[in-house]
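The structure under discussion appears below in the form of structure tokens.
The values are calculated or read from the model by the stated rules, or taken from the named source; none is laboratory data. This one's a predicted model, so the numbers in the text were calculated from it and none came from an experiment. Methodologically, a virtual Cβ is constructed for each residue, glycine included, from the backbone with ideal geometry; neighbour enumeration extends over all protein chains shown. For the accessible areas, the whole protein counts, side chains as well, though only heavy atoms, and no ligand, DNA or RNA atoms are used. Shrake-Rupley method; radii C 1.70, N 1.55, O 1.52, S 1.80 Å.
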Amino acid sequence: MHFTVYMEDPAERAALFRMLEIWRDLTCSCVEFSSWDPEERPEPGGILFWDLDGRLPPASIDGAYALFLCSSSSSAAIASYSLHPAGFLRKPIGMEKLWAALHRCIKLWWDSLERLEITSDRCRVRLPLCDLVWAESTRRGSLVHSTQGPIATRETLTALEERLPKELFLRCQRGFLANLRHVRRLDSGGLHMSDGAVVPLSRSSRGETAEAYRKFCLLWDVRMRDGEKRHG
């Protein structure tokens, strides 16, 4: 999947690229980015972010891209209906706005998501990494809890862990693995996950897990604020 950006203001362009990179890393997707070049032929099936405050997109891109139109004017959204956009982003663009707009068009980039192949009951499941919420060790392997439901596999938790990006997935103790992006809070009860489950923590693992989660939150908060600050 390829994302192309046309923004006349260099600061706005840099900020949007920064936020898109954060979105890509947190969703574990295989996406490439580039600035709009009218001399190059558009790559079919890509997504184009176009700044309506600069100029209208050329007719030559019709059908080649899914359009995400951006403007500081709310009236531009109505005027842009004739362009059949996949989404509209009111400037200044923040992470929440960008995330919501892309989520509404998930079918456009669904195939770009990195996946974990799991064998379960003689069937192969290709689970998007961003849908893996947490996993626990069982007597016969592991139980993966995903947004699509639980998946039992004979693969050990250690083997699963080795195939996951360490910046997002934490082995919080011997029997549990958590996707830090799906953690909603951490307290004395454990890690409260987005699916409502609470991953328990032993006394020995609580301090290390709390520190890892704190660093994760700090890292992404700084990156998000940095991206939005460049846009401000």
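Structure data summary
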quantity	calculated
Flag if R181 is touching a helix residue (DSSP H, G or I) at 6+ places or on another chain (Cβ under 8 Å) and either open to solvent by less than 70 Å² (accessible area, probe 1.4 Å) or without any contact (Cβ under 8 Å) to a residue 60 or more places away in the chain (or both)	yes
Considering residues of the stretch 187-211 that are modelled with pLDDT of 95 or more and of a type in the set (A, V, I, L, M, F, W, C) only, the residue most open to solvent (accessible area, probe 1.4 Å)	V198
Residue check for I47: at pLDDT below 95 and surrounded by 20 or more Cβ atoms within 10 Å (Cβ to Cβ)	yes
Total residues in the stretch 89-146, condition within 16 Å of E21 (Cα to Cα), assigned to a helix (DSSP H, G or I) and touching a residue at least 12 places away in the same chain (Cβ under 8 Å)	8
Evaluation of S73 against (1) part of a loop (DSSP other than H, G, I, E, B); (2) open to solvent by less than 20 Å² (accessible area, probe 1.4 Å) (one fails), failing number	(2)
Residue in the stretch 78-126 that is most open to solvent (accessible area, probe 1.4 Å), counting only those that are over 19 Å from T147 (Cα atoms) and polar (S, T, N, Q)	S82
Matching option when the condition is open to solvent by 50 Å² or more (accessible area, probe 1.4 Å) and in contact with a helix residue (DSSP H, G or I) (Cβ under 6 Å, 6 or more places away or on another chain), among T156, T147, T138	T147
Evaluation of R214 against (1) touching a Cys at 6+ places or on another chain (Cβ under 8 Å); (2) modelled with pLDDT under 95 (one fails), failing number	(1)
